[in-house]
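Here is the structure we will look at, set down as structure tokens.
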Amino acid sequence: MKIRDYMKRTLLLFAVVCLSFAAMAQSLSFPYPERKYDFVNYDSSVLYTPAGNPNLETFFGKLDKFYFDGDEGFAVLHLGDSHIQAGVVSWCLRRHFESLCHDSYGDFGLLAPLSVAPKNNHPYYYVSRNSGNWEFERIIKNVTGTQIGLSGFVAFTKDSLANLTFAFPKRSMKEKHEFTKVKLLHGVNDTCYDIFTNVDSLMVDCTTDFTEGYTEMVYSHSFDSLVFRFVRNVDSRAKAEMHVHGVLVEDSLPNVNFITIGTNGASTESYIKEKYVLEQLEVVKPDLAIVALGVNDASGTNFDKGRFVQNYKKIVNAILETNPDCAIIFVSNNDFCTKRGGNNQNQSLVVEAMKDLSKTYHASLWNLFAVMGGQRSIYTWQKHGLANTDKIHFTNDGYTLEGDLLFGAILREYEKHLKGWAKSE
């Protein structure tokens with residue numbers, strides 16, 4: 001290995017270690033979270049890896065190449081339910097990964113046309129708007145049986161002319177998160193509509209793959225907003241529909257590509273019954289998958305640990321089919337109350353199931369339930385402004401703390417990786 005590479009690794013390791021000491025001494029939050037709350041079990045904020053996680057080492061190798069050489073980016077998939085749809089945890093993780101490398105900014109990842117479904121909240125970092133007559137389905141309750149893709153959501157229209165707009169508020173730091181590549185995920189049979197954008201003058205290439213179900217557009221410059229204009233072509237049938245499963249935005253340069261998929265009310269069952277959701281993971285090919293599903297599985301009285309494990313296996317198998325080297329990190333349920341106000345009694349079963357899955361897949365578990373403080377800790381989190389009054393969801397401060405703690409657990413393993421490399425030299 002070149003001396004230059006050795007020096008860069010050593011410098012990053014030195015920076016991580018020094019910053020961790022500074023955090024303890026000066027109560028700074030980077031790179032490890034400040035121990036601000038006495039009810040949070042910070043010592044439990046580690047990755048439980050009962051059978052080793054060789055794919056995590058592979059992922060760390062990709063981090064090395066990106067941070068030290070800048071010649072290869074990496075993709076992180078964050079999959080879950082309403083806790084993930086809010087986008088705060090994902091945004092926090094994204095910003096932490098970016099912070100390890102100066103002037104490194106990630107992509108916005110996957111966008112969903114959520115304006116078509118007015119009761120669905122947008123994630124933290126983007127908004128959508130629409131014009132024309134649109135309908136929608138979600139993986140939670142697919143009444144029409146319409147095929148649903150990667151985002152867990154589909155918007156569809158029969159109008160001869162309809163628009164979808166995606167914009168990024170100031171808090172998204174849009175001037176930093178530039179993108180020049182757009183992949184519109186649509187139905188494999190959507191040949192009856194011509195697709196235009198507000199930045200067609202910047203387009204340098206456009207390809208459509210009806211086998212995989214997407215149209216990819218490459219642009220010469222980045223831009224602040226994206227407007228899709230769907231026009232039914234003259235050869236189409238009167239009943240033809242246009243289906244939009246989501247939009248992937250990326251930079252053409254190596255980058256931190258963070259893909260967030262979260263749907264309000266989603267359970268493991270929701271994802272496996274809509275097979276196209278998992279099939280479209282092929283366009284992502286994650287290097288790290290953080291899977292945080294289980295709250296809606298465990299919220300009822302009929303929770304079945306065996307079925308829960310089998311459902312999870314189908315999801316993990318689908319992820320590994322796209323990239324056998326993908327590292328898996330399971331995130332346990334947070335403590336929460338049932339809709340009737342009682343404390344959920346299935347938490348220990350969910351943690352046991354995830355420990356079993358970690359052994360089976362040589363994966364890791366981050367036990368959020370233990371980190372929170374265990375049973376009934378949601379009341380304390382709510383009292384201190386970290387959880388909502390529904391005692392299920394967190395506030396923005398709570399989700400930010402979750403993201404900080406989870407990244408801290410990942411960073412500790414990466415620090416071990418760097419130290420192990422240093423000793424081997």
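Points worth noting:
- Scope region 376-415; condition outside any helix (DSSP H, G or I) and not charged (D, E, K, R); matching residues: His384, Gly385, Leu386, Ala387, Asn388, Thr389, Ile392, His393, Phe394, Thr395
- The single residue among Val316, Val277, Val291, Val309 that is surrounded by fewer than 20 Cβ atoms within 10 Å (Cβ to Cβ), in contact with a Leu (Cβ under 9 Å, 6 or more places away or on another chain), closer than 18 Å to Thr263 by Cα and assigned by TED's automatic domain parsing to the domain that holds Lys62 turns out to be Val316.
- Filtering region 192-231 to residues that are surrounded by fewer than 14 Cβ atoms within 10 Å (Cβ to Cβ), touching a residue at least 40 places away in the same chain (Cβ under 8 Å) and either in contact with a strand residue (DSSP E or B) (Cβ under 9 Å, 6 or more places away or on another chain) or closer than 17 Å to Thr165 by Cβ (or both) leaves Ser220, Asp224.
- Condition check for Tyr312: in a helix (DSSP H, G or I), of a type in the set (Ser, Thr, Tyr), in contact (Cβ under 8 Å) with a residue 40 or more places away in the chain and within 29 Å of Gly132 (Cα to Cα): no
- Test: residue in region 343-355 that is touching a residue at least 24 places away in the same chain (Cβ under 8 Å), under 30 Å from Leu281 (Cβ atoms) and assigned to a loop (DSSP other than H, G, I, E, B): yes
The rows are residues; the columns are (1) in a strand (DSSP E or B); (2) modelled with pLDDT of 95 or more.
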| site | (1), (2) |
| --- | --- |
| Asp190 | no, no |
| Cys206 | yes, yes |
| Ser222 | no, no |
| Val231 | yes, no |
| Arg237 | no, no |
| Ser252 | no, no |
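- If only residues of region 96-124 that are in a helix (DSSP H, G or I) and surrounded by 17 or more Cβ atoms within 10 Å (Cβ to Cβ) are counted, the one that is farthest from the chain's Cα centre (by Cα) is Val116.
- Top-ranked residue of region 55-95 - restricted to ones that are out of contact with any Asp or Glu (no Cβ under 6 Å at 6 or more places or on another chain), aliphatic (A, V, I, L, M) and not in a helix (DSSP H, G or I), ranked as surrounded by the fewest Cβ atoms within 10 Å (Cβ to Cβ): Ala86
- Scanning region 130-167 for residues that are of a type in the set (S, T, N, Q) and touching a residue at least 40 places away in the same chain (Cβ under 8 Å) turns up Asn142, Thr146, Gln147, Ser151, Thr157, Ser160, Asn163, Thr165.
- Count of region 125-176 residues which are aliphatic (A, V, I, L, M), surrounded by 20 or more Cβ atoms within 10 Å (Cβ to Cβ) and not in a loop (DSSP other than H, G, I, E, B): 4
- Qualifying residue in region 363-381 (condition: within 27 Å of Phe97 (Cβ to Cβ) and surrounded by fewer than 17 Cβ atoms within 10 Å (Cβ to Cβ)): no
The values are calculated or read from the model by the stated rules, or taken from the named source; none is laboratory data. Remember, predicted model here, so these are calculated numbers, not experimental data. We place every Cβ from the backbone using ideal geometry, glycine too, and count neighbours over all the protein chains shown.
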